[in-house]
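Written below as structure tokens is the structure these notes are about.
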Amino acid sequence: MYKITQELLQFELIRPSYSPYGALALLVAKHDVIQRISGGGATETDNHPLPNMEQTIQILGNGYQLFSKFNMKSGFWQIPIEEEDQHKTAFITPEGLY
């Protein structure tokens, strides 16, 4: 956990926090595990359902012969969070709150 935290600090993806919120950071094995953690009511519900993926692919693929795909492993680091909401995303490690 320490190594990961230091790497994220180095790349300025996280920073020390003084938030009243804090989710426990856990390392989870990668094989067939989906970890879902509640936001504790700190977030608002998005009432817009995701589109059906099969229908979307059919619509996009109509007449096209070339597609690109991307590795989205770390894509969530690219999603900006409004400054006034960043405190709601705090997490706790043995080294501190970020």
Considering only the range 39-46, I want to know if a residue exists there that is among the hydrophobic types (A, V, I, L, M, F, W, C) and modelled with pLDDT of 90 or more.
no
Given the conditions (1) among the aliphatic types (A, V, I, L, M); (2) surrounded by 10 or more Cβ atoms within 10 Å (Cβ to Cβ); (3) closer than 20 Å to Ile92 by Cα; (4) modelled with pLDDT under 90, every one holds for Ile57 apart from (3)
Looking at Ser74, Ser68 in this structure, which one is hydroxyl-bearing (Ser, Thr, Tyr), at pLDDT below 90, exposed (fewer than 10 other Cβ atoms within 10 Å of the Cβ) and closer than 15 Å to Leu8 by Cβ?
Ser74
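The values are calculated or read from the model by the stated rules, or taken from the named source; none is laboratory data. Since the structure is predicted, the reported quantities are computational estimates derived from the model, not experimental observations. So basically every Cβ, Gly included, is an ideal-geometry build from the backbone, and we count neighbours across all protein chains shown.
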